[in-house]
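Since the structure comes first, as structure tokens, the remarks are kept for the end.
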Amino acid sequence: MDIHRNIEQSIQSALKSFSVVALTGPRQTGKSTLLKTLFGNEYSYTTFDDPLVRERAMDDPVFFLDNLGDRAIIDEIQYVPQIFRFLHPGRPRHLLWPGGGD
């Protein structure tokens with residue numbers, strides 16, 4: 001059963017104005033699930049929980065970002081903080097990331 005949240009409209013609106021949107025909040029509250037539910041058909045999904053994915057992103061962040069596609073959700077992005085230096089308009093065109101407090 002899907003629960004529609006008030007924030008869905010705000011996320012949709014933010015994506016019309018910004019190429020990168022972060023959804024932050026407490027851990028284990030459904031941020032990743034919400035983004036995958038709303039955008040899973042349009043956006044690729046990757047997580048830096050996977051050590052191999054994390055290693056690829058750290059080794060060559062430009063290549064990694066260029067190969068995500070135009071629209072991507074990156075989960076656990078805090079594990080590869082250096083990737084933020086390589087985010088700019090056009091790489092990818094739209095990026096969503098859920099972020100929680102540790």
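The values are calculated or read from the model by the stated rules, or taken from the named source; none is laboratory data. As the structure is a prediction and not an experimental result, all values here were calculated from the model. For neighbour counting, all protein chains shown are included, and Cβ atoms are generated from backbone atoms with ideal geometry for every residue, glycine included.
Here's the yes/no breakdown for (1) farther than 18 Å from Gly99 by Cβ; (2) of a type in the set (A, V, I, L, M, F, W, C); (3) free of Cβ contacts under 8 Å to residues at least 60 places away in the same chain:
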residue: Ile7; (1), (2), (3): no, yes, yes
residue: Ser10; (1), (2), (3): no, no, yes
residue: Leu15; (1), (2), (3): no, yes, no
residue: Gly30; (1), (2), (3): no, no, yes
residue: Asp60; (1), (2), (3): yes, no, yes
residue: Leu65; (1), (2), (3): no, yes, yes
residue: Ile73; (1), (2), (3): no, yes, yes
residue: Val80; (1), (2), (3): no, yes, yes
Could you look through region 12-28, keep only residues that are among the polar types (S, T, N, Q) and touching a Leu at 6+ places or on another chain (Cβ under 9 Å), and pick out the one that is farthest from Leu38 (Cα to Cα)?
Ser19
For Phe48, which of the numbered conditions (1) over 12 Å from the mean Cα position of the chain (by Cα); (2) surrounded by 13 or more Cβ atoms within 10 Å (Cβ to Cβ) fails to hold?
(1)
Going through region 12-28 in order, the residues found to be among the small types (Gly, Ala, Ser) and surrounded by fewer than 11 Cβ atoms within 10 Å (Cβ to Cβ) are Ser17
From Val53, Val21, which residue is free of Cβ contacts under 8 Å to residues at least 12 places away in the same chain and either touching a helix residue (DSSP H, G or I) at 6+ places or on another chain (Cβ under 9 Å) or more than 13 Å from Trp97 (Cα to Cα) (or both)?
Val53
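Do we have any residue at all in region 25-32 that's outside any strand (DSSP E or B) and at pLDDT 90 or above?
Yes; the residues of region 25-32 include at least one that is outside any strand (DSSP E or B) and at pLDDT 90 or above.
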